[in-house]
Amino acid sequence: QSALAQPPSVSGTPGQRVTISCSGSTSNIGSNTVNWFQQFPGAAPKPLIHGNHVRSPGVSDRFSGSKSGTSASLAISGLQSEDEGDYYCSAWDDSLEGPVFGGGTRLTVL
Amino acid sequence: QLVESGGGVVQPGRSLRLSCAASGFTFSTYAMSWVRQAPGKGLECVALLWSDGSERFYAESVKGRFTVSRDNLKNTLFLQMHSLRVEDTAVYYCARDAYAYDVWGQGTLVTVSS
């Protein structure tokens, strides 16, 4: 069981806006910044968002991140078929003194 | 750029050493991590080593069996894995930093099977 909780799957139609949630605790998200990664089958994860809301170089402004309390969200606007893949959140955990990941969310574009 | 090597098929209880060759940045100034992904599963940071090698983090699942080290002169990160278990089967990625993981290697597959 992952330290950060994500929904197993979300879906949307092209052009729609979807959000992926990431729920943690006071020792991780509540105290530290959140990162988001995108992964396609057979490929390494790609950094999307760091520091809660800062887009990584080359990442489309359709992707945005936010954090409130012990939860964070990744929003994808103007959904495109090429956005279909897996998305992971991560944060430092002060209790573990190490990083933790969410279990991942599979985004399907209908 | 990060390039992992050393993966392969190994029997339970045996050992394996992974390497990660870094280029294009000042390796010695960055913390480095090993993140693994079991087939069909999510990401797990199994080991983290700070830039000067002074501090390490290990996931509970590998503590006492895996050792992370680095050679800052050769720009290389290592993961020595002992007493391998079937559940250690995964793609092992090398990633830069302890927080943002802003650069990833392509991964190397470790299969533990009898």
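The values are calculated or read from the model by the stated rules, or taken from the named source; none is laboratory data. Since the model is a prediction, treat every value here as computed from it, not as a measurement. Please note: Cβ atoms are built from the backbone with ideal geometry, for glycine as well, and neighbour counts cover all protein chains shown. The protein model used for the area step is the full one, side chains on, heavy atoms only, and it has no ligands, DNA or RNA in it. Shrake-Rupley method; radii C 1.70, N 1.55, O 1.52, S 1.80 Å.
Of the residues in region A:101-108, at least one is open to solvent by 60 Å² or more (accessible area, probe 1.4 Å), out of contact with any His (no Cβ under 9 Å at 6 or more places or on another chain) and part of a strand (DSSP E or B).
Right, B:Val10: open to solvent by less than 20 Å² (accessible area, probe 1.4 Å), modelled with pLDDT of 95 or more and within 14 Å of chain A (Cβ to nearest Cβ) or not? So B:Val10 fails the test. Considering the conditions (1) out of contact with any Ser or Thr (no Cβ under 6 Å at 6 or more places or on another chain); (2) closer than 26 Å to A:Gln38 by Cα, B:Ser54 is excluded by exactly one of them, (2).
Can you confirm whether A:Pro14 is open to solvent by 60 Å² or more (accessible area, probe 1.4 Å), outside any strand (DSSP E or B) and within 13 Å of chain B (Cβ to nearest Cβ)?
no
Among the numbered conditions (1) within 14 Å of chain B (Cβ to nearest Cβ); (2) over 16 Å from A:Ser9 (Cβ atoms); (3) at pLDDT 95 or above; (4) open to solvent by 30 Å² or more (accessible area, probe 1.4 Å), the only one that A:Gly69 does not meet is (1). Out of B:Leu49, B:Leu73, B:Leu84, B:Leu2, one residue alone is open to solvent by less than 20 Å² (accessible area, probe 1.4 Å) and more than 14 Å from chain A (Cβ to nearest Cβ). It is B:Leu84. Looking across region A:27-65 at every residue that is small (Gly, Ala, Ser) and in contact (Cβ under 8 Å) with a residue 40 or more places away in the chain, the one that is most open to solvent (accessible area, probe 1.4 Å) is identified as A:Ser31.
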